[in-house]
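The values are calculated or read from the model by the stated rules, or taken from the named source; none is laboratory data. Predicted model only: the values in this text are computed from it and were never measured. Cβ sites come from the backbone with ideal geometry, for glycine too, and all protein chains shown count toward neighbours.
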There are 2 protein chains.
Amino acid sequence: MKPIQVGLLGIGTVGSGTFNVLQRNQEEIQRRAGRGIEITMVADLDVARAQSIVGPDVKVVNDARAVIANPDIDIVIELIGGYGIARALVLEAIAAGKHVVTANKALLAVHGTEIFAAASAKGVMVAFEAAVAGGIPIIKALREGLTANRIQWIAGIINGTTNFILSEMRDKGLDFDVVLKEAQRLGYAEADPTFDIEGVDAAHKATLMSAIAFGIPVQFDKAYVEGITKLGAADIRYAEQLGYRIKLLGITKRTDKGVELRVHPSLVPAKRLIANVEGAMNAVVVNGDAVGTTLYYGKGAGSEPTASAVIADLVDITRLHTADPLNRVPHLAFQPDAMSDAVVLPMSEVVTSYYLRLRVADQAGVLAQVTGLLAGAGVSIDAVLQREADEVGGEGATSTDLIILTHDTREGTMNDVIAQMQGLPSVLAPITRIRKEELN
Amino acid sequence: MKPIQVGLLGIGTVGSGTFNVLQRNQEEIQRRAGRGIEITMVADLDVARAQSIVGPDVKVVNDARAVIANPDIDIVIELIGGYGIARALVLEAIAAGKHVVTANKALLAVHGTEIFAAASAKGVMVAFEAAVAGGIPIIKALREGLTANRIQWIAGIINGTTNFILSEMRDKGLDFDVVLKEAQRLGYAEADPTFDIEGVDAAHKATLMSAIAFGIPVQFDKAYVEGITKLGAADIRYAEQLGYRIKLLGITKRTDKGVELRVHPSLVPAKRLIANVEGAMNAVVVNGDAVGTTLYYGKGAGSEPTASAVIADLVDITRLHTADPLNRVPHLAFQPDAMSDAVVLPMSEVVTSYYLRLRVADQAGVLAQVTGLLAGAGVSIDAVLQREADEVGGEGATSTDLIILTHDTREGTMNDVIAQMQGLPSVLAPITRIRKEELN
C-alpha cells in the first residue's frame, strides 16, 4: 500500500524531531501502523535551513498553503504555534479534507470549539496528543483509557519550565529571580518566559484536559491563572517543614455547582508521588470514580518526546482514517451532540484549603486576633506554625512569620478574611496565600 | 441506535464491579461511546447469587455456551480465569463471531498466539487491557501511545500482593512469613498465594507487555521467574543503607542478542519514583528511544479498578467494531504479518548488576579472597559494605555480613563466581544474590 503522505508546517525543534524519529524508526512504525508514514513536503520560512534538515528527497516550500493544496498530502502537521496564522492554516487544511495533527495548545484552548466543529463537519480528525504533557500519552489515557469513569479531578505538573524553577528553588534555597536566570541560561526557560512563569501555558493544557474529562467545550477565558513569580524561598521552606512541597498545578475538578479550572502554585503532601516529580519532568494525576487515582509521568517538552506524541497521532490516523467518522474517537472524548453544559466556576466559588503566611508584630494577642477573624468567618484551622521572632529595625522592635494551614474554605470567604486580617495593625506586610491540595 | 449487547462469563469480584460501573456511569459512558453498552446476559455456576447481583432484568444462565450462542450478544467478557475452560470458551466465542474482552493474563500469556490468530482470521477483536496492571491503561499506552518509539525496556511493579508484602517488610522490619499471614488476613493475599509470591502472575503480565513492546509472540515458557519468598528483612535493610529499595519487578528489555524477559526481586535506587510505589499499588516504567522514560501508576487489582479497564475495552470495541479489521489496532501492537523473530534470551545471557550478601568468617583475608574471585572473572565492584562482626556460637568465633554491589555482569558469569565463592571455607552460609536495576 502507498505510504500515508504527511505535510509539515514549521520545522523547528519539534518538527525536526518528528522528521528524525519518523526516519529512524520508519520500519518499526510501519510494522505497527500497517502502512508507511512519510513526510513528503515541508513548509518553512527558512527554506534553506529546512532543506538541510530533511535532505533533497523532501519538497520544501515557504508557503504553507502549497502544502495544504497538494492533493497527495493526507495529513497536515501544524507546528507553527500561536493563534494567528496557525488558526487560518488549520481551518484551511480541514476545509481541504486533510487530517490535522497539532501540538498547539494555545490554539486549541482558545479556538478549539470552532476547529473541532469544522473537523467534524468535514469528517476529518484533529489530533493533539502533543499539546498536553509532551510525550506522555495523557490525552489518550483520558479519552480512551478511562472511559468507564466519572472523572472526579485532574491535577498536573504540565509546565516543565516552572517545575524546573521550583525544584531548583527548593534544592538550593534560592529565590525566583535567580533561578529564572539560571533556567534561561540552561535553555529550560525562554528569553520571554511570560507564558510559562505566569501559568498561561499550563492553563492552556488544563483547559484541554478539562474539556475531555467533563465533556465541556474548551473555555480558556474562564480559567483562573496564577503563576509562580511571587513565590519566595521562605514559603518553600515553611511548606517543607509542614510536610509539603510547592508545585505549579493545573487543576480541574467536578463539583455539584460546576467545574473548577485553575492554575496556581499549590502545596502538595511531600509523600505523594507527584510531589517528587523534579526538574523539567511532567506528571498528571487523574482520579476516576472506578479506577481511583492514577498517575502519568514523563518528559513534557523537548524535540523527540514531543515528536513521540505527534507520531502516535499519525499512527492513530493511519489506523483509523478508513473508519466511519462517527465511530472514531471523538475529539473531546464525548460525542459532539452529547457535551455537558456544566459551567466553569468563578475562582471565588472554588473550595480548597490554604497556606497563609503573615508577617506579624511579635506581641501578645496577635494570634488570638488572627484566629478570631478566621473563626468568625467559619474557617477552620488545620495547623499553625509560629517562627521565633527576629529583629526588624532597631529599638527591640521585632516581627515574626505566622503560618496557618486551613481546612476547606470557599475562596470568596478566604478573600474576605484575608482582607480583614490585612487590616490588623499587627499584620506588617502583605499576606501570602498559597492553595493546598491533598490529592488523595 | 440499539445498545451494544454484552454477555458476561463469570460474575465474581471483577464481574460485579463491571456490571455496577456500567450501570452507575451508563449515561456518561454512552455519551463517550456514542451508543449504549449493556450487559444483557450472564453465565455463572451460582445462578442465584448472580441473579441477585444483576437484578431481574438480566438473563442469568449456568451454561456459558448459551451466552456465546445468543445471536443478540455482540461482545463476550471472559472473567472465569485459568487456562482450561476459559480457553475453550474464548475460542468458541471467537468462532461465533463475537468480540472478546478478557482480564485473563494466564490464558493470553500461554495461549495468546492461538487466540489472537483465531481472532484475526475471524475479524474480531480480543481486548485485554484489564490483564495487565488493573485500571492503569498500560496496554493502550504501549500499543497506541508510544507507537513512535523503539521501546528499549519496561520494568513494572505489576503484582500488588507482593508489593504490599515488600512495603510492609520494609516499614515494619518484619520477615516474609509474618507479613504474608497479615496480607492474607487483610485480603491482599489469597489463601493459596503461590502465583503471586512466586512471581508467576507478574511473569504472565510481563510476557504480554514484552510481546507488545517488541513485536514478538507471547512466550511465557521462556520467562525467568523468581519470587520473593526467600527475601530476608536483612537484605531490605542493607539495600536501604546503600540507597536502594527492593521491589519485585517484571522486566523486559531489548538487547543486541535478543529480548530479556524476567521477573525477580530487584534493587532500585530509592530516589526513582517507582521505588516509592507502596502498598498494593502498581506502576510500570517504559523507556522509548524518542520519549525517554515514562511511568504509569494506579491500582493494579480490585473490583472497580479492573472493571475500569474492562469497560474501556468495551468502549473501544463499540467505537471500532464497524472499522475495517485491517485498520484496527493490532492485538500485539504490530501487524500480524510484521512480527519479529527476536529470541527470548536464557537467563544466563542476561546482563545486569548484582547485590551479593555473604555470611563470612570475621578473619583476615576474606575480603581479598572474595574480591579476588570477582576480579578473576572480570566482575567489577561498585560498592562494598562490611558489617561489624557479631557473635555466632561460642568460643569467640564471630561472623559478619559482607555486602557487594557489582557493575553489569553476564548472569552466567555471575553464577560461576557465586559457585566459586560458595566453595570458600570462610563463606559460612548460602550466598544471597539479588539483581539490581538502575532504571534511568
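Let's see how each residue does on (1) modelled with pLDDT under 95; (2) buried (at least 22 other Cβ atoms within 10 Å of the Cβ); (3) more than 14 Å from chain A (Cβ to nearest Cβ):
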site	(1), (2), (3)
B:G300	no, yes, no
B:I311	no, yes, no
B:D324	yes, no, no
B:E349	no, no, yes
B:A389	yes, no, yes
B:G394	yes, no, yes
B:L402	no, yes, yes
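Please go through the range A:44-76 and give me each residue that is of a type in the set (A, V, I, L, M, F, W, C), in contact (Cβ under 8 Å) with a residue 40 or more places away in the chain and more than 17 Å from A:Q23 (Cβ to Cβ), ordered by number.
A:A64, A:V67, A:I68, A:I73, A:V76
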Task: Matching option when the condition is touching a strand residue (DSSP E or B) at 6+ places or on another chain (Cβ under 8 Å) and at positive phi, among B:G156, B:G187, B:G134, B:G173 - done: B:G134
Task: Options B:A93, B:A109: the member that is assigned by TED's automatic domain parsing to the domain that holds B:G15, crowded, with 24+ Cβ neighbours inside 10 Å and over 20 Å from the mean Cα position of the chain (by Cα) - done: B:A93
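Checking the condition of a type in the set (A, V, I, L, M) and touching a Gly at 6+ places or on another chain (Cβ under 6 Å), which residue from A:V310, A:V315, A:V263, A:V285 passes?
Checking each option against the conditions leaves just A:V263.
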Open item on the list: Could you tell me how many of the residues in the range B:49-71 are of a type outside the set (A, V, I, L, M, F, W, C) and within 16 Å of B:L91 (Cα to Cα)?
Closed with: 3
Task: Top-ranked residue in the range B:123-139 [being within 12 Å of chain A (Cβ to nearest Cβ) and touching a Lys or Arg at 6+ places or on another chain (Cβ under 6 Å); ranked as surrounded by the most Cβ atoms within 10 Å (Cβ to Cβ)] - done: B:G135
TODO: Filter the range A:161-196 down to residues that are crowded, with 24+ Cβ neighbours inside 10 Å and either within 24 Å of A:L107 (Cβ to Cβ) or over 20 Å from the mean Cα position of the chain (by Cα) (or both), then give me how many there are.
DONE: 4
Task: the range B:339-368 residues that are over 21 Å from B:L242 (Cβ atoms), paired with ones that are loosely packed, with under 14 Cβ neighbours inside 10 Å and modelled with pLDDT under 95 (beta carbon under 9 Å, 6 or more apart) - done: B:A361/B:A397
Open item on the list: If the requirement is being surrounded by fewer than 17 Cβ atoms within 10 Å (Cβ to Cβ), among the charged types (D, E, K, R) and farther than 24 Å from B:A223 by Cβ, which of these qualifies: B:D337, B:D341?
Closed with: B:D337
Task: The listed residue being modelled with pLDDT of 95 or more and within 25 Å of A:F116 (Cβ to Cβ), out of A:V259, A:V268, A:V285, A:V329 - done: A:V259
Open item on the list: Being within 14 Å of chain B (Cβ to nearest Cβ), surrounded by fewer than 21 Cβ atoms within 10 Å (Cβ to Cβ) and in contact with a helix residue (DSSP H, G or I) (Cβ under 6 Å, 6 or more places away or on another chain) is the requirement here; does A:R87 meet it?
Closed with: no
Task: Residue satisfying condition, being farther than 19 Å from A:F128 by Cα and of a type in the set (V, I, T), within set A:T371, A:T318 - done: A:T371
Open item on the list: Of everything in the range B:184-242, what is part of a loop (DSSP other than H, G, I, E, B) and among the hydrophobic types (A, V, I, L, M, F, W, C)? Give them in sequence order.
Closed with: B:A189, B:A191, B:I216, B:V218, B:A223, B:I228, B:L231, B:L242
Open item on the list: I'd like to verify a number: residues in the range A:140-160 that are under 20 Å from the mean Cα position of the chain (by Cα), surrounded by fewer than 24 Cβ atoms within 10 Å (Cβ to Cβ) and not in a helix (DSSP H, G or I), how many?
Closed with: 2
Open item on the list: With the structure loaded, tell me whether B:G292 is over 23 Å from B:L79 (Cβ atoms), facing another protein chain (nearest Cβ under 7 Å) and either surrounded by 23 or more Cβ atoms within 10 Å (Cβ to Cβ) or over 16 Å from the mean Cα position of the chain (by Cα) (or both) or whether it fails that test.
Closed with: yes
Open item on the list: Can you say whether B:V101 is within 14 Å of another protein chain (Cβ to nearest Cβ), more than 27 Å from B:H264 (Cβ to Cβ) and in contact (Cβ under 8 Å) with a residue 24 or more places away in the chain, as far as the supplied structure shows?
Closed with: yes
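Residues of the range A:331-341 being more than 7 Å from chain B (Cβ to nearest Cβ) and within 21 Å of the chain's Cα centre (by Cα), which ones?
A:H331, A:L332
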Open item on the list: Suppose the filter is among the acidic types (D, E) and at the interface with chain B (Cβ under 9 Å from one of its Cβ atoms); does A:E144 pass it?
Closed with: yes
TODO: Tally the residues that are touching a residue at least 60 places away in the same chain (Cβ under 8 Å), of a type in the set (D, E, K, R) and out of contact with any helix residue (DSSP H, G or I) (no Cβ under 7 Å at 6 or more places or on another chain), restricting the search to the range B:177-220.
DONE: 0
Task: Tabulated pairs, the range A:241-265, first within 26 Å of A:L402 (Cβ to Cβ), second of a type in the set (S, T, Y) and in a helix (DSSP H, G or I), C-beta under 9 angstrom, 6+ apart or interchain - done: A:Y244/A:Y238; A:K247/A:T162; A:L248/A:T162; A:P265/A:T162
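Sort through B:G372, B:G376, B:G365 and tell me the only one that's more than 33 Å from the chain's Cα centre (by Cα), at positive phi and surrounded by fewer than 21 Cβ atoms within 10 Å (Cβ to Cβ).
So the residue among B:G372, B:G376, B:G365 that is more than 33 Å from the chain's Cα centre (by Cα), at positive phi and surrounded by fewer than 21 Cβ atoms within 10 Å (Cβ to Cβ) is B:G365.
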TODO: State whether the residues of the range A:146-158 include one that is under 22 Å from A:G17 (Cα atoms) and not assigned by TED's automatic domain parsing to the domain that holds A:H321.
DONE: yes
- [ ] Could you tell me whether any residue of the range A:282-289 is of a type in the set (G, A, S), in the same structural domain as A:E144 (by TED's automatic domain parsing) and crowded, with 23+ Cβ neighbours inside 10 Å?
- [x] yes
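A:R32 - would you say it is of a type outside the set (G, A, S), in contact (Cβ under 8 Å) with a residue 12 or more places away in the chain and surrounded by 20 or more Cβ atoms within 10 Å (Cβ to Cβ)?
yes
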- [ ] Output the residue which, of all residues in the range B:1-29 that are away from chain A (no Cβ under 14 Å) and without any contact (Cβ under 8 Å) to a residue 40 or more places away in the chain, is surrounded by the fewest Cβ atoms within 10 Å (Cβ to Cβ).
- [x] B:K2
